[in-house]
Amino acid sequence: MSFTITVRAGPARLASRVSQLAKSSTGPSVAIRAFHKSTPKNTFFTSQTTLALRSNTKTSSGLLSRLQGASRSYNYNYQGATMDPAVRRGAILRKLIVGGAIFGTTLVGINVVFNRETREDGGMPLYERKYLNQTFMHTGLGVGIIGLSAYQMIQSGFVYRLMATNPWVFGIVGLGLSFGTMIATRSIDPDNYIPKYAMWTAFNATQAAFVAPMMAFVPAAILGRAGLYTVAMMGGISFVGATAKQEKYLYLGGPLLAGAAIVAVSGLAPLVLPATAVRTLAFTEGMWLYGGLAVFGGFTLYDVQKVLHHARLAERGAFKADPVNESISLELDFLNIWIRMVQVLMMQQRRK
């Protein structure tokens, strides 16, 4: 019995020659010369992996180009992160200047369009300015309490316990506590400082419980941008309301209340409409977002003029000055505008 032993090249050696054999198109002699060249040092890939990569050259080249683009983006971001501090400060300063210019231009444009009839009494009197400043101070303090309370709820795990409960129970109980604390705060005499501010703090805590779940999952950068946009929007509208003719926008109370009802109903539409009504749901979502921005922007204008009206009544002794009660309306305006700003920014980020 005789045996014939044939020595052939292994799979790894054949795989390393596939690219050279594929390039040869001038005849068998070129293929033979390429086959008898020295073996390359890199034999890391197996034959199956190499053949699979060679059979998908278009896919791999596209992937390579994407990887190269990602590498260039990473290098750009890395260089931006290791930028000279002076250059970074200059870039931040330019952004602040551009943002300030945009805000100033918007403010002037809003004032020109909506505030053609200015005050006729030679400017804001001292008692109106003082009362308005006290109201804005309490508004900023209330928003700060809401933000700190929401952050503490997130850190303590209270938000996750809230989300684990029944949403209907949370909504009904939360709304009940919100309305109850707001009515109690408004009903307490402003001379009773301790119960007044205690109930006001409880009201702000209930508002924090509503916004804390959103703050737990939205990036901090988007929350900050939405806050800046909200401050800019409310600042411009408040300037118009403060410098406009006396009681010029107080007639907006009824139409704005009707608009708020429509916005509230559009926000509840997903609970009633079926999921197949895509166009109707998209319309109600746009109404809730952008219609809500318009309505609560109008409420800001109305509330600022109402504060000035109450200041004039308090000066004559017909109304008891209470900046805490005045700040509640502006806080609600701020929260409603801010929540919608966050949602708009999140939608833009998902589209990217």
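A few notes on this one:
- Ranked by the mean number of other Cβ atoms within 10 Å of their residues, highest first, the peptides 260-267, 292-299 come out as 292-299, 260-267.
- Expressed as a whole percent, the accessible area of the range 143-216 that falls on carbon and sulfur atoms is 73 (1.4 Å probe).
- Put a plus charge on the Cβ of each Lys and Arg, a minus charge on the Cβ of each Asp and Glu, and nothing anywhere else: the dipole of the range 264-344 about its Cα centre is then about 160 debye.
- Relative protection proxy for 324-330, 194-200, from highest mean packing down: 324-330, 194-200 (other beta-carbon atoms within 10 angstrom).
- Full extension of the chain between residue 319 and residue 250 gives 23.1 nm of extra length, using 0.36 nm per residue less the Cα-Cα distance.
- Solvent-accessible area per residue for the range 188-235 (1.4 angstrom probe, square angstrom): 47 Å²
- A simple packing score, the average count of other Cβ atoms within 10 Å per residue, orders the peptides 218-231, 125-138 as 125-138, 218-231, with the highest score first.
- Within the accessible surface of the range 217-293, defined with a 1.4 Å probe on protein heavy atoms only, the carbon and sulfur portion equals 75 percent.
The values are calculated or read from the model by the stated rules, or taken from the named source; none is laboratory data. Bear in mind the structure is a predicted one, so any value in this text is a computation, not a measurement. Every residue, glycine as well, gets a Cβ built from its backbone with ideal geometry; the counts of neighbours run over all protein chains shown. Heads up: the accessible areas ignore ligands, DNA and RNA and are worked out on the full protein's heavy atoms, side chains in. Shrake-Rupley method; radii C 1.70, N 1.55, O 1.52, S 1.80 Å.
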